[in-house]
Each structure stands twice: as structure tokens, then as C-alpha cells.
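J.: One structure is given below, represented as C-alpha cells, and several questions about it will come after.
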Amino acid sequence: MKEAHHKADEKTYKFGMVIDLDKCTGCGACMVACMAENNLPFRKDNSDRLRSNLWMRVYKISNGRSFPDLDISFIPRPCQHCEGHGHHAATPCVSVCPATATDYSHETGIVSQVYTRCFGCRYCMAACPYHVRVFNWWDPTWPKGMSKYLNPDVSVRMRGVVEKCSFCYHRYQRAKNKAYAEERRELHEDEYQTACTQACPAGAITFGDLKNPEHKVYKLKKSPYAFRLLEKLGTNPKIYYVSTRDWVRKAGDVYLGKEGKDVTHA
Amino acid sequence: MKLDRRTFIELIVGFSAGAGGGFMATPVNWKLMDDMTIWSQELWPRYQLGGLKGSLPQQGKVTHADSVCNLCPGGCGITVRKVGDRATKIEGREGYPVNDGGICPLGAAGLQLLYGPWRIPSPLKRIGKRGSGNFEKISWDEAINEVVQKLGNLRQKGQSHTVACILGSDEGTVPRLFDRFLTAYGSPNFIRTASAEDTYELALGLMQGTTGSVGYDLERANFILSFGSGLIEGWGSPVRVIQAHSTWRSGDLKDRATVVQIEPRLSNTAAKADNWHPINPGTEAALALGLAHVIIKESLYNADFIGKHTFGFEDWSDSSGKTYMGFKRLVRTEYTPEAVAKITGLPAKKILTLARAFAKAKRPLAVWGRGKGTVSGSLYECMTVHALNALTGNINKPGGVSARPQVATRSWPEVERDATALSGSRRPRIDGAGSNRYPLTRYLPDRWSQVMNGGKAGAIQALLVHGADPYFTTLDSAAVAKAFDAIPFVVSFSTCLDETAYHADLILPNHHYLERWEDLPTPVGLQKPILGMLRPVVSPQFDTRHAGDVLMTIAKSMGGSVASAFPWDDYETLLKETMGDKWGSLEAAGYIVNEGYKPSAWSKAFGTPSGKFEFYITAFDQAGVKIGKDVGYLPHYEPVQPEGNPATYPLILIPTELMRLADGAVGNPPFCTKTLEETELKKNDLFVEVNPKTAADYGLSEGHHAMLETAKGKAKVLVHLFEGIMPGVIGIPKGLGHAAYDDYLAGKGVNANSLIGVVEDPVTGLSAAWGVRAKLTRV
């Protein structure tokens, strides 16, 4: 039924990212750029990560060894925009949402979140293996005068709903409108980029259409050092990571012993 | 009962659950719920949001304005997205010669500082006790009048030399205006806040005979040896260095650059490096000399450069026939890998391997400046690292290091000083810089408070602070607080309510950086001269005035030669005049870059007495520096002892610096504080990093509260067990412990500067402290 929304002759994309963990410095610019772009609220005390609201979160992982053999890597984690295999219900969050508040778009490959439909049951949060979804425990408030910087392209969210990374969908809409106005049906690679990609000082995030051979991500995801998070779950996520450090790739796939030996990269 | 959407959904779900009996068994409920939520979303009004009172962000025409960020010395180009007259987002400016589109977390959060409640809304005058945070609004006329009267009185009493200015920079028109004001008014006390630049400028002056700041050609280097520099943690111009780091990480694996980090702690830089060598803190100079030993012994140095363009490498004799030891002999005899291994804790074998790899690399580069480069550091340590660059002939070369000039601007007419100005300017500086004891040093930002507390409490009668937060950033917070208490009149030009402003008597708020014109000289560490131009992106949000204009108004109101030193109508006129023929392109493009700039060839590069690069510093004698021993003329290892008695304080505390935590003159905005790890801040408590072995010795586990104590102070902290820190060493992040700003920052954590004191460098008088002795007890 949902596929029916999409016309057969319309241009389709499969937007995704390749994040180079060798370049990522863990600086946090992606997190801040995301918060600024998407009107994320903040509170006086944000130190409890279970209640703090980040769409893009940079995880710090270690190889678990002792001084001086310890090693650390950062893993920036936006929504993985899982495609699943075969049919829409394979996207974990989409398959459990009773409110049709989240859906997989076959036009863009983006997993949407409709705040006005969400009634806060949080099934999706339980279903998401990547913990990308966050719940609004409070109505957002801004100190006096600060709501001036809010981005009018992104609605603010009320208490009681779940939200998550949208791949800056409003930027897609903006770019699409512009292209249509110029009588184009296809977006250029640089016309639509997410806020985190644009901000990253290390150039570690590359964003584009994973199925378009002209786009940088198409080639980058084929690196022998590329992997995806928890690939064995079959979520078929659209965020690829690249690391030349073996332990990082292994940690990303959460291999247990011989598991994952036969995992291939689509 | 009012029926809202939530209740409605609950009712329907409840009803269908009851009616359906086996709620989980039938799909009917789910289908109903699905249809009902989609249908009902159109019936209820849009969100009623507390903060926005029901209104969504106002729409308007979207425009973009380019400017430059000055939240740190990085000087990145920015593009501000505007909707109507609101600034809604700061992004890195594409094509800007410093950061080409990239931005750091602090820069991206700049609008929180623009629209934040920590802005100072108008001139404020303290009422009640200093530091109580009680101010009253006054008019600009009253505020300026107050400064004019106070400074006028001091000048009349012949005490003009007791007025001091503290600024974050001494370059650019606004800092130069303050300097000019003091010259015309009659005081020598212009002070620049501390940074690694203080020491590197001196090292370049002594070894190369050049003026100017250090420029690193990071992008073209292919072997980067960092002596504790937090390359990707805010060192230098942060975005530029992170971009250079990505360059090192690009291309085929075998062609990539090698990065080696020397540091007692696994910082992010160390984690990203190809090799991390933890060494005993404070022994970096010894390691540099150990590497020099191997390079010299195995003849891996650049013989052409060393032979033709250096002085003091070999032993030499003066005209009287007296022989002096050269750098080579010193290093060969004193710094064998075995001896250095003992000092640093790094095995001799690793020293050998590292030295060979460094010297044999195509374009090796040794970089210096701990952490973000926010402390001055030891002169000899800086010289030993710079000597490594000289050994590899890496001076003024692609991928090397050079002394970089500024983009030239028009000079100002000479100040015509009256008798008061002349006599006042000739008085010794309060911080002792330029005195017989420290003849080379220009500013001693960590020393003035120590001098005042050491029996010269009346030395500063009035203090003007601009673009700096010395109350927060100066080492030994208690001493600084005491010195501030002794200053009868403190004036802050700050935009935000920072610590200095909080403890000031009068605040004359400057425009925010997105509201004003101002030139921004070359960012720290850049190898080519760049001039950026801040421009107003939004109109002033509060009753603020440009600090340049305010200072000129003060000067003009004082009359006489002070007034006539400022012949310009206003700051904008002065700015345009100073930029001269460059104004057109600065106004149009927002910056000027000297792309074709190349450092001088070796034959013309050095302005030392010998005309060569000097391993043996002849300028010491010329300047009258008392060196005492022969080895003092050469880069050598002189241990900087951390303050404190080892018996009382068995551990070593070192400050750590985080990219996500601003620790300079600008307080961390809420977005950045929100990105801090759960192992860095918990509620209002700061974590310190402790090796699990050390923690076990003191009965401490993860998340335990502990009392951290040094000779300078104590603080309650939380313990984070970290395998990346050397046993016996504790790491404390810099940047928290504010009392000012507001609830989003104030009261969180501890100011690391309150635990660490000053250890004076014997030659420069700058603080060479890299840490302090400490003890940690469970509470």
C-alpha cells in the first residue's frame, strides 16, 4: 500500500553516508551543527544521556586493552535509515510503529518521522538496534530571546513524541523545489547535503545517492575497509563506515567469534 | 473535561482493548489505532509550546552573509544563514583560505552566544559587593564619564603607569588601539593573555633572529612528530589542523603521512596517531634531544643546512681563542638513548626507531605547544623541538616551519606624548616583562597577579580588559582573585557575562562578533599571511557599542595629547583608513590572503648576530640575559619541577583540553556542553581521569567521589577510570568551573587553573608549568 504513494516514473534515490573513521576526530561539530539545524532543545543539565536529545551522536569506543595498548575510535551515529531486505516492514522501527508515524520512503530511502502522528508509545525506540531514537520528556524551551535562531524549515517537537535524524529532509525538499523550479527532475550531488556532512571539519562524512555511480559514496562504500553497524541483523542500513583499524571494524559488526565471517558488503 | 488529542487516543485505545477482549490477539485494535491517529492529527491545533507560546519560528526571506569567526584564535570564515533579520545558522565558509567550509562545534554554536541570556544588555555598574553579580544599568554617557574621571584622576596624580590593559591579542586595529591609548595616556602595562605563542615567538627570535609568529606547513608535511600538541583538539587554528589531519589520512595507505604523538595520556590526537609514545610528563625536551643524538650520531641530519646556515652546531672559538661547546657535543655526550630512556621512560630502542623514521622521512615536521596551546611553556623545551626541525633542514621549506609575517596595513601617525605620558611609559612594567631580569619577554600574563600579591598590591589602580577573560584563564585562580580584589577599578569590555566581567566594577559591552566590523589578523599557526574581516551580520541586539569607538570616546573626552592621539571620527573610519587600498577587496571578499607568500631562502632568512640559524644563542648576551652556565646558551633539558611536596602530593595532575569544551575567553555554549561525554561531566560534577592501577592504590572505583588536592587548592571531583592515562598521573579537563555566565554553564565542574600554579621559566619568566603535584582521597 505504501509503495503505491510513489509513482513509477519519479526519480528515486537511495541516500546514504560513508563515514571515514580514520578521519573523524570526535570533535563534535556534526552534533552541534545537527542541533542548530534541526532545532534540538537543550537543558541546564544534559549530562544524563538517557534523557538527553541528540540525533547525531558520536560514540567513543575502545579496544578494551590496558595502558599503553589502549586504542580509541569515534563512531558518529546518525539514523541508519535501514532499508531491510525485500519489503518495507524490515525496517525495525517502521515495522512496529502503531501510528504510522514512521515510514520508509522508496523515493529517497529515508526513514521518516511524523511528529504529529506519534503518540509516544516508544515501541520504535525499543525496536531500533542503533538507539537513534529519542523521546521528548519535556516540551522544548529556550532561554529568553534564544528562540530567535530557530530554523523555520524544521518544526519544533512537543513533549511526548519520539524524534530522530531525518537526513535533514527539509534540505531535500528545498533542493527538490529548486530543481523543479529549474525544470530539472534530478538533484546534483552537492545540492542536497545534510548539516552534519556540511559541517564536518575533517571531511569524514560523505553523503549522496548510494545507487548512483556518479556519486562519491558509491565508490567509497566499496572500500575493503568499509563496514556497517550490526550488519548481521539484516537491517541493511545506509550508513557505511570506513576504518583501516581491524578492531574498529570488528567492534562495528559486533562479531562474536566466527560469526559474520561470510558477511559481504552490498 | 476538555478532550485533547492524547486523552482521545487513550480513550479509543482503552475502549477497543476492552471491547476486543484479547487485545494482543486481534489486529483490529492496531488497525483502528493506526487509522485513528492519522485521522485525528488534523483535528487538534498545532503544538502549544511553552518556550514559543504557540508560535512557530517566524518565516522570512532567506539570505546568506559571510563573516569571520573570532571565538578562538583560529579565525575561520563563516557563512550565516539568515531568515528575515534573524541569524538562524552558522556554517563554515566554502573556499575560505583557513577552513574551506569546515566548522568546529564552538563556531557552529555561536548563535547561542549572540541570542543568549549571558549577553550584557547595556552598560552596567556594580552595586553591592564585587563578585556578587549585582549590577545596575547605566547610560553610555554615565559609563564613559566614570572611566574618564577615574583615569583622569590617576593621570593628574602622576599615577598613569598604574593603569593596565589585558587583551587576548596584540594584533589588529582594536588591540592596537588599546596599546595606543596606553602610550598616549602614559602606561607601559599592555598585557596579552598567555599562549604557546609567547614562547615560540621568543624561540624564533633567539634562534632565527626573526619577528613574527610560527607558521607550520602542516598540509605538506608527511611525518608529524607532536610533542604533546592536541593537533585535533583545538591546537592552532582548529579546523585547519583537522583538515590537515584528513590530508594525512587520505590517499593510498602506503603513501599516507605518519603521525607520532608524545604525551603521557591517550588524547584524541594520540588515539588517531600512528604511534603514541607515552613519556613521563615534562620530559619532552629530553626526548627531543635524545632524538637529536641519534640523528647526529648516525649523520641523518641535513648537512647542507647545518654546514652553511647554522651557528653553534660544532664547538667554536671566539676572537680571544676561548672554546665554546656546540650543540653536537652537548647532545652526543649528555643525551644518549639510554640516558634519555631513564628520564622519559621510553625504551632506548623506541628512541632509535623514532629518530631514524623522523630524519629519513621526506618532509618531517616537529610541532610544539601543549594541548590547545593555551599555556606559555618552557623556552628550552620549545628550542629543543625547534632544533629538530633545524637538524632536518626543515626551516622555511615546504612542509616545514617558518616565522610568518602579517599582511601589511597602513601605519598610524606617531603618538605625540606629553610629559605625563613620557614619564609614565618609562616606568617599569608591573609584570616585570622587559626588565633586567626578563629583558626578552614582552608580556608576563601569569606574573602580574603574583607581583601584586607579593607586596605591590597598589601596583594596578585601574584595569581595562578586552577580548580576554583573565579572571578565568590565568593560572592560580586564588592568586588572581586576590589581585583583582586589590584593583580599585576594573572595567570590562566583554560582550558576555564572563568571569572578569562578573568581577568588574563597570561593564562597557562590546558588540557581539556577528554585529561588528573588525579586522582579524592571520590565525595562529598559519604559514601564509591572511587578513580576515568581521562584518555586521545582524544589527546589534542590545544597547552595546563597538569597543574601538568606546575607547576613542574615552580618549577624546580626556582631552589634551590623549585626545589628539585619536584623530579619527570613529572606528569605521579608522578601520577603512588603516586598510588603505586593501579595503575594497576586504569589503568585497571578506579577506585577503597572500597566496604567493614564500618564506625567505636560507641565505637571507636569519637576522641573528651570526646571520645564521643559531643553536648557540648569541642574542642572550646582547640582550643582557643572565644565563650563568655554558649549557644555558644551547637548547638543553632543564626539568621544570611541578609545584608541591612529593611526600604530601604523590600524584601528578595534568590539565587536559577537549575540543568540545572551550577553555579560553569564551564560555562553552549549551550545545557544546551537551556534547560532553558521560565520563566527563555528570550533573555538576567533573570527572578526572585516573589509571585503574592508581585508582586501586587509593581504593577508588569508577564514579567515586574524591577530593583532589594540590598546593594551590582542592576540589571535589568524580573518578573516571581510564586505561589511557599513565599510572600516577591524573588528567583534569580545562574549561569548566565558571561562576559567571548562567545556569547552563555556571556551577558546573572545577576550574583546572584553580589547582595549578605558576612555575616561572628561568629565562623568560613565563609560566613553564605543565602540571602540578596532587593527591586524591576518597570522600
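Each value in this text was obtained by applying a stated rule to the coordinates, not by laboratory testing. Remember, it's a predicted structure, so these values are computed and weren't measured experimentally. Neighbour counts run over all protein chains shown; Cβ positions are idealised from the backbone, glycine included.
J.: Which Cα, out of B:F489, B:A479, B:G560, lies furthest along the positive dipole direction of region B:472-566 (beta carbon charges, K/R +1, D/E -1)?
T.: B:G560
J.: Need the full-extension length gain, A:S223 to A:Q173, defined as separation in residues times 0.36 nm minus the C-alpha distance. One decimal, nm. Kindly include the intermediate steps, with their values, before the conclusion.
T.: On the way: separation 50, 0.36 × 50 = 18.00 nm, distance 3.05 nm.
Additional length available on full extension: 14.9 nm.
J.: While we're on this one: Among B:I242, B:I395, B:I652, what is the fewest-to-most ranking by other Cβ atoms within 10 Å? Each step should come with its number before you reach the end.
T.: Working: B:I242 29, B:I395 25, B:I652 22.
Listing B:I242, B:I395, B:I652 from fewest to most nearby Cβ atoms yields B:I652, B:I395, B:I242.
J.: If we sort B:225-234, B:556-565 on the protection proxy, mean other Cβ atoms within 10 Å, highest first, what's the order?
T.: My ranking of the peptides, most packed first, is B:225-234, B:556-565.
J.: Looking at chain A, which Cys residues are left with no other cysteine's beta carbon under 4.7 Å from theirs?
T.: Isolated Cys, chain A: A:C24, A:C27, A:C34, A:C82, A:C97, A:C118, A:C121, A:C128, A:C168, A:C200.
J.: List the aspartates and glutamates whose Cα lies under 20 Å from the Cα of B:K322, skipping any in the same chain that are fewer than 8 positions away.
T.: Partners found: B:E314, B:E614, B:D621, B:D630.
J.: Taking Cα centroids, how far is region B:716-738 from region A:197-253 in Å?
T.: Region B:716-738 and region A:197-253 have Cα centres spaced 33 Å from each other.
J.: Which of B:T656, B:H636, B:T764 sits closest to the plus end of the dipole of chain B, meaning its Cα is farthest towards the positive end, when Lys and Arg get +1 and Asp and Glu get -1 on the C-beta?
T.: Checking the options against the dipole of chain B, the answer is B:H636.
J.: On a 0 to 90° scale, report how tilted helix B:140-156 is relative to the longest principal axis of chain B, with both axes built from alpha carbons and the result rounded to the nearest 10.
T.: The angle comes out at about 20 degrees.
J.: Percent relative contact order of chain B, based on C-alpha pairs within less than 8 angstrom and at least six residues apart?
T.: Answer for chain B is 17 percent.
J.: Between their Cα atoms, which of B:K150/B:K626; A:K11/B:K254; B:K360/B:K612 are more than 31 Å away from each other? Show your work: numbers first, answer last.
T.: Values: B:K150/B:K626 40 Å; A:K11/B:K254 40 Å; B:K360/B:K612 24 Å.
Going by Cα-Cα distance, B:K150/B:K626; A:K11/B:K254 fall outside the 31 Å limit.
J.: Taking region A:185-234, which GluC sites (Glu not before Pro) meet the DSSP loop condition and have no more than 14 other C-beta atoms within 10 Å? Present the calculation step by step, with values, prior to reporting the outcome.
T.: Numbers: sites: A:E186, A:E189, A:E191, A:E214, A:E231; in loops: A:E186, A:E214.
Taking region A:185-234 and a limit of 14 other Cβ atoms within 10 Å, the loop GluC sites (Glu not before Pro) found are A:E186, A:E214.
J.: For region B:60-165, which trypsin sites (Lys or Arg not before Pro) are in a loop by DSSP, counting at most 16 other Cβ atoms within 10 Å?
T.: B:K61, B:K129, B:R130, B:K157
J.: Here's a follow-up. About the Cα centre of region B:649-765, how large is the charge dipole given +1 on each Lys and Arg Cβ and -1 on each Asp and Glu Cβ? Please answer in debye to the nearest 20.
T.: In debye, rounded to 20, region B:649-765 gives about 220.
J.: Which pairs in the list B:K528/B:K576; B:K674/B:K734; A:K23/B:K528; B:K137/B:K716; A:K60/A:K216; A:K216/B:K582 are over 28 Å apart, alpha-carbon to alpha-carbon? It would help to have the intermediate numbers written out before the result.
T.: On the way: B:K528/B:K576 23 Å; B:K674/B:K734 16 Å; A:K23/B:K528 25 Å; B:K137/B:K716 36 Å; A:K60/A:K216 26 Å; A:K216/B:K582 39 Å.
Distance filter (> 28 Å) returns B:K137/B:K716; A:K216/B:K582.
J.: Rounded, prolate or oblate: which one fits the protein assembly as shown, using the alpha carbon gyration tensor with axes a ≥ b ≥ c (rounded when a/c is under 1.5, else prolate when a/b beats b/c, else oblate)?
T.: Working: a/c = 1.83, a/b = 1.40, b/c = 1.31.
Because a/c hits 1.5 or more and a/b exceeds b/c, the protein assembly as shown counts as prolate.
J.: Oh, and also: Report, to one decimal in Å, the Kirkwood hydrodynamic radius for region B:397-443 based on all distinct Cα pairs. The partial results should precede the final answer.
T.: On the way: mean 1/r = 0.0685 Å⁻¹.
Computed over region B:397-443, the radius equals 14.6 Å.
J.: A follow-up question, please. Which order do B:R437, B:R180 fall in if you start with the one that has the fewest other Cβ atoms within 10 Å?
T.: Ordered from fewest to most neighbouring Cβ atoms within 10 Å, B:R437, B:R180 come out as B:R437, B:R180.
J.: Once you sort the root eigenvalues of the Cα gyration tensor of chain B as a ≥ b ≥ c, which label holds: rounded (a/c under 1.5), prolate (a/b larger than b/c) or oblate (the other case)? If you can, show how the numbers build up before the last one.
T.: Numbers: a/c = 1.66, a/b = 1.25, b/c = 1.33.
Judged from the Cα gyration tensor, chain B comes out oblate (a/c at least 1.5, b/c at or above a/b).
J.: I'd like the orientation of helix B:547-558 relative to chain B: the angle between its Cα long axis and the longest Cα principal axis, in ° from 0 to 90, rounded to 10.
T.: Rounded to the nearest ten degrees, it is 70.
J.: Also: Please work out whether region A:2-253 counts as rounded, prolate or oblate from its C-alpha gyration tensor, where a ≥ b ≥ c are the square roots of the eigenvalues and a/c under 1.5 means rounded, while otherwise a/b larger than b/c means prolate and anything else oblate?
T.: On the way: a/c = 1.36, a/b = 1.08, b/c = 1.26.
Judged from the Cα gyration tensor, region A:2-253 comes out rounded (a/c under 1.5).
J.: Shifting gears a bit: Compute the acute angle (0 to 90°) between the alpha-carbon long axis of helix B:173-185 and the principal axis of greatest extent of the alpha-carbon atoms of chain B; round to the nearest 10°.
T.: With rounding to tens, the tilt is 60 degrees.
J.: Oh, and also: Between the alpha-carbon centers of region B:267-308 and region B:59-118, tell me the distance in whole angstrom.
T.: The distance from the Cα centre of region B:267-308 to that of region B:59-118 comes to 39 Å.
J.: Further question on the same structure: Would you work out the charge dipole size for the protein assembly as shown about its Cα centre, treating the Cβ of every Lys and Arg as +1 and the Cβ of every Asp and Glu as -1, and quote it to the nearest 20 debye? It would help to have the intermediate numbers written out before the result.
T.: Working: 123 positive and 108 negative charges, 253 e Å.
Roughly 1220 debye for the protein assembly as shown.
J.: Restricting the count to DSSP beta bridges whose residues both fall in chain B, what percent are antiparallel, rounded to a multiple of 5? Mind dumping the intermediate values first?
T.: Working: 51 of 92 bridges.
The antiparallel proportion sits near 55 percent.
J.: Which Cα, out of B:Y698, B:P733, B:P669, lies furthest along the positive dipole direction of region B:651-778 (beta carbon charges, K/R +1, D/E -1)?
T.: Farthest along the dipole direction, towards plus: B:Y698.
J.: Counting only other chains, what is the mean number of Cβ atoms within 10 angstrom of the Cβ of each residue in peptide B:592-604?
T.: Working: counts 0, 0, 0, 0, 0, 0, 0, 0, 0, 0, 0, 0, 0.
The mean count of partner-chain Cβ atoms within 10 Å per residue comes to 0.
J.: Normalised by the residues of chain A, what does the relative contact order come to in percent, with Cα pairs under 8 Å and at least six apart?
T.: Taking the mean separation of contacting Cα pairs over the length of chain A, I get 26 percent.
J.: Sticking with this structure for a sec: Suppose a student asked you for the relative contact order of region B:711-779, using Cα pairs under 8 Å spaced at least 6 residues apart; what percent would you report?
T.: Details: 62 pairs, mean separation 18.3, N = 69.
That works out to 27 percent.
J.: Other chains near B:244-250: what is the mean number of their Cβ atoms within 10 Å of each residue's Cβ? Spell out each step's value before the answer.
T.: Working: counts 1, 5, 10, 2, 2, 10, 4.
Average neighbour count from other chains, rounded to a whole number: 5.
J.: So what's region A:56-110 giving for Cα Rg divided by 2.2 N^0.38 Å, two decimals?
T.: Values: Rg = 17.1 Å, N = 55, 2.2 N^0.38 = 10.1 Å.
Expressed relative to 2.2 N^0.38 Å, the Cα Rg reads 1.70.
J.: Checking the cross-link filter: which lysines have an alpha carbon closer than 20 Å to that of B:K693, excluding same-chain neighbours under 8 positions apart?
T.: Within the straight-line limit of under 20 Å, B:K693 reaches these lysines: B:K775.
J.: Quick one: the Cα spread of region B:651-778 along its three principal axes, in angstroms, biggest first?
T.: 42, 36, 23
J.: Moving on. In debye, nearest 20, what is the charge dipole magnitude of region B:417-469 about its Cα centre with +1 on Lys and Arg Cβ and -1 on Asp and Glu Cβ, if you could check?
T.: 260 debye
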